[in-house]
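S.K.: Below you'll find the structure I mean.
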Amino acid sequence: MSRPRPSLLERQNILALFAQPQPIPLFKQLLKDEQAYLKKQFNPLFSVNSLLTQKSDIIDAVLQSSWQHFLGDAAQRFCLLAVGGYGRRELFPHSDIDIVVLLATDNDRNVYQQPLTDFSTFLWDIGLKPGQSVRSLAECIHAAEEDQTVMTSLLELRLIYGNAELFQAIASATQAQNMWAADLFFNAKMEEQRQRYCKFHDTAYNLEPNIKEGPGGLRDLQVITWVFKRYYPKESLRELIKYGFLSQEEYLELVAAREIIWRIRFALHLLTGRCEDRLLFDHQRELAQQFGFGLAQNGNADVEQFMQFYFRTVVGLERLNEMLLQLFQERFTLTHQNKNVMISSDFDAYNGFLEARSPEVFEDHPMALLEIFLLLQQHPSLKGIRATTIRLIRQNLHRIDDGFRVNPVANRLFIEILRQPRGITHELKRMNRYGVLAAYLPSFENIVARMQYDLFHIYTVDEHTLFVVRNLRRFSLPKHDSEMPFCNAIFLLIARPHILYIAALFHDIAKGKGGDHSVIGENIARDFCVQHNITPHDTKLITWLVRNHLVMSMTAQRKDISDADVIHQFALQVGSVEYLNYLYLLTVADIRATNPELWNSWKDTLLKELYMATQQALRRGLENPIAVSERLQENMQEAQQELLNLGISVSSIEKSWRHMSDDYFLRYSADEIAWHTIAIAASREDELPLVLLRPQTQRGSAEVFIYCRNEANIFSLSTATLGQLGLTILDARIITTHDSYVLNSFQILEQSGEAIKDLFREVHICRALRQNLMQKTIKQERNIHGRRSRQAQHFPIPTKISFHEDAINQRIILELITTDCAGLLSTLGQVFTLFHLELHSAKITTIGSRAEDMFYLTADESLSISDHYTQAKIREEIIRRLELLR
């Protein structure tokens, strides 16, 4: 049992610990007991305000005693000051202990260097890990004049022990009238916040948010405090009401949000045992349970409810931050009052912000709740909505009811917002932040702050949706041409861009409703179109896009798009070039909005190839699909001409091709065939296996080409080697010649998604592959199972194996969905060898921790892979081996 916590009246007893032979262990125990006491007192459902103060008080007592002990008579000559959270008396269990030692003169540092060093060393020895600076009064003033971050820290100075006159001197020197006038300080903090927001992609809705630094986090609250205290140094935040910045209700909302984030941060520190401010997946479930969230009747997980609770809190704090900083700017930085400029009968421009002309504007004219956002688009010089009007919007959200939603005027206004040439993304985000979007589209309310537990979506559903709209808008803007030039070119072919934006708004709107979100979303989108009087043609297009928004991505990444039948089937599904253009743009925008790290040159090229091949098929006519024989001849002739141009003789070409199957010429491009032929023609039997690497192919990935005698486990050895080398396999094609040689090609990227750029790296890959293929074994590395990401551990994906018949090519397609792990492809190769299955190609799709792979197989005459019993045995063996991997 820990001893009772010392009260502040017992500081002399703490000082007496120095009289003991070994004071350091005693102080460590004191701090350990104090931490245990705070942990015992903590209840996630109640305020932690008093606990933060208690933590600060005990640290005060330890520092005061230590300061007196080491400085002796000089303890009253200098100042020991608390800054930052410690200065505010807001110490969390593992917060930094930020202190300033303020000296009277520059020479004091030399005279008292040893006791100051002993003091600092002691704090480290007992485990406090202080953030400490030692400055003279002059140095402190100079640093504050030069750096607003130093000035900010001095706003929260608190005297722990020492010279009160010296403390008053630094407090006076740093007042607004002496340095960093309120307007300069305000502008500096705004730039700092802008940069901080940019670091987090201007969104609080990251799935692993930083509760301190992220938008809507504690730092937003601190910015409010710093700016306010720069103008009103001795006032508390409650005085925001007194000076007309907040209403009583808004102040209570601000304090409630602070309390919630404080409680979460306190729990996070106790849970992790460190100063952790990231709500990592590792901790979310435990925190959800601590905060009383369980499974709801609609099946939402406890973590989803907890995170939705958190996100709704921070978005409210973010909105209050926006309002207050705008009001501060008006009060502190604008040296003259601008006259109101009339914008419409209901709104004026006031200092660049749109302001309601009357407090009753939304009561008298509810449609103004939408009109205000349209006006912002039509007047690009406006910087936003004035804080007082934001407050009115929030107070009048209840006016957006069922009658409002079916009002033709409201419907026209909403569509008009989506038709504007500028400001669509900005205003939709603003509407979402103020609650207008969810009020007008009730189905949208369901996805606000909703997490997507699949790892590859790193934003909440509503934030992802608005990022999709943003990406589509960027395709339309010349200034972004260099990002996605092909998309910009396709966008010029779009007759009605607002159709795309509507499809984007609804493509994931049914997430969390159960069932197929594409099907449910299609019905929700149809209701919207009917209500908003959208033409039957456009309604059909919008609902088709919502229903099929995943089809192009799945086709490109999971099917063999070099197969003319795949292209023909996809073209039949799309039906027209118009639908293809819309779907292509929506697909690219959707993928790029899930996670910035998911998009790479491989996906870019795959989708372009599918687009071009489908466009050609549609223009040729769906009733006239390209004949296999025609495509075969085209590829062979084009490859042969390329080889002849390179000086390869006809006899060498024929010799290299004589044992190739038609399948080879159908599944490889002319460029690839030419490269393979040159390598095969120059090789000798005693040089096999032949392993080559092209660092940059037309698809933006590297291609590894292997040519050797057909033997067991070539695929397994190759994939295991590539995995150990830290490479991601995107595609595999396996061809067996009539004389029992194999041509294996793998499209690869670095695990980071980047291309292979280093010559030494290329050589190392080829040598490692050749050596392992020759030795017919691979050295198992200790960390081969250790490459699974931290996040992936929290997203276990049940293994699902299904078999499909490819009647045209007389193959069986094995589809595998499982959690990705090191050694996965190698293990599957071993199973294929065990069952005498011949692998012809593989489509490897890894999205976050989710592997979705397709394998095209045939069996020898002794085995019927179409037999359900055989399929069950294969499935059982794969699952058994995958369980051993993990």
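S.K.: Can you name the residue in segment 490-522 that is touching a Leu at 6+ places or on another chain (Cβ under 7 Å) and of a type in the set (A, V, I, L, M, F, W, C) and is also farthest from Ile542 (Cα to Cα) among such residues?
M.R.: Among residues in segment 490-522 that are touching a Leu at 6+ places or on another chain (Cβ under 7 Å) and of a type in the set (A, V, I, L, M, F, W, C), the one farthest from Ile542 (Cα to Cα) is Ile490.
S.K.: Would you confirm whether or not segment 735-747 contains a residue that is without any contact (Cβ under 8 Å) to a residue 60 or more places away in the chain, open to solvent by 20 Å² or more (accessible area, probe 1.4 Å) and more than 25 Å from the chain's Cα centre (by Cα)?
M.R.: Looking for residues that are without any contact (Cβ under 8 Å) to a residue 60 or more places away in the chain, open to solvent by 20 Å² or more (accessible area, probe 1.4 Å) and more than 25 Å from the chain's Cα centre (by Cα), one finds at least one in segment 735-747, hence yes.
S.K.: Select from segment 565-611 the residues that are of a type in the set (Gly, Ala, Ser) and open to solvent by less than 10 Å² (accessible area, probe 1.4 Å) and write down the one among them that is nearest to Phe200 (Cα to Cα).
M.R.: Filtering first and then ranking leaves Ala593.
S.K.: Further question: Quick check on my filter: what residues within segment 152-199 are in contact with a Leu (Cβ under 7 Å, 6 or more places away or on another chain) and not in a helix (DSSP H, G or I)?
M.R.: Leu157, Arg158, Leu159, Ile160, Tyr161, Gly162, Thr174
S.K.: While we're looking at this one, here's another question. Are any residues in segment 667-686 outside any helix (DSSP H, G or I) and of a type outside the set (Ser, Thr, Tyr), and if so, which ones?
M.R.: Of everything in segment 667-686, those that are outside any helix (DSSP H, G or I) and of a type outside the set (Ser, Thr, Tyr) turn out to be Ala682, Arg684.
S.K.: Okay, next question. Considering only segment 539-569, how many residues are at pLDDT 95 or above and either touching an Asp or Glu at 6+ places or on another chain (Cβ under 7 Å) or assigned to a helix (DSSP H, G or I) (or both)?
M.R.: Total satisfying the criteria: 12.
S.K.: Do we find a residue being in contact (Cβ under 8 Å) with a residue 24 or more places away in the chain, outside any helix (DSSP H, G or I) and surrounded by 15 or more Cβ atoms within 10 Å (Cβ to Cβ) anywhere in segment 135-151?
M.R.: Yes, there is a match, as at least one residue in segment 135-151 is in contact (Cβ under 8 Å) with a residue 24 or more places away in the chain, outside any helix (DSSP H, G or I) and surrounded by 15 or more Cβ atoms within 10 Å (Cβ to Cβ).
S.K.: Name the residue that is farthest from Gln377 (Cα to Cα), counting only residues in segment 398-411 that are without any contact (Cβ under 8 Å) to a residue 60 or more places away in the chain, open to solvent by 50 Å² or more (accessible area, probe 1.4 Å) and in a helix (DSSP H, G or I).
M.R.: So the residue we want is Asp402.
S.K.: Kindly indicate whether Glu687 is under 23 Å from Ser656 (Cα atoms) and out of contact with any strand residue (DSSP E or B) (no Cβ under 8 Å at 6 or more places or on another chain). Explain how you work it out, then say what you get.
M.R.: Details: under 23 Å from Ser656 (Cα atoms): yes; out of contact with any strand residue (DSSP E or B) (no Cβ under 8 Å at 6 or more places or on another chain): yes.
It is true that Glu687 is under 23 Å from Ser656 (Cα atoms) and out of contact with any strand residue (DSSP E or B) (no Cβ under 8 Å at 6 or more places or on another chain).
S.K.: Among the numbered conditions (1) touching a Leu at 6+ places or on another chain (Cβ under 7 Å); (2) among the hydrophobic types (A, V, I, L, M, F, W, C); (3) open to solvent by 60 Å² or more (accessible area, probe 1.4 Å), tell me where Val101 comes up short.
M.R.: (3)
S.K.: Another question, if that's okay. Would it be correct to say that Val361 is touching a helix residue (DSSP H, G or I) at 6+ places or on another chain (Cβ under 9 Å) and closer than 27 Å to Ile390 by Cβ?
M.R.: For Val361, the condition - touching a helix residue (DSSP H, G or I) at 6+ places or on another chain (Cβ under 9 Å) and closer than 27 Å to Ile390 by Cβ - is met.
S.K.: Please go through segment 822-855 and give me each residue that is under 37 Å from the mean Cα position of the chain (by Cα), open to solvent by 20 Å² or more (accessible area, probe 1.4 Å) and farther than 18 Å from Ile748 by Cβ, ordered by number.
M.R.: Residues satisfying the conditions are Gln830, His840, Gly848, Arg850.
The values are calculated or read from the model by the stated rules, or taken from the named source; none is laboratory data. Since this is a predicted model, take the numbers as computed values, not measurements. Glycine also receives a Cβ, built like all others from the backbone with ideal geometry; neighbour counts cover every protein chain displayed. Keep in mind that these areas ignore ligands, DNA and RNA; they rest on the heavy atoms of the full protein, side chains included. Shrake-Rupley method; radii C 1.70, N 1.55, O 1.52, S 1.80 Å.
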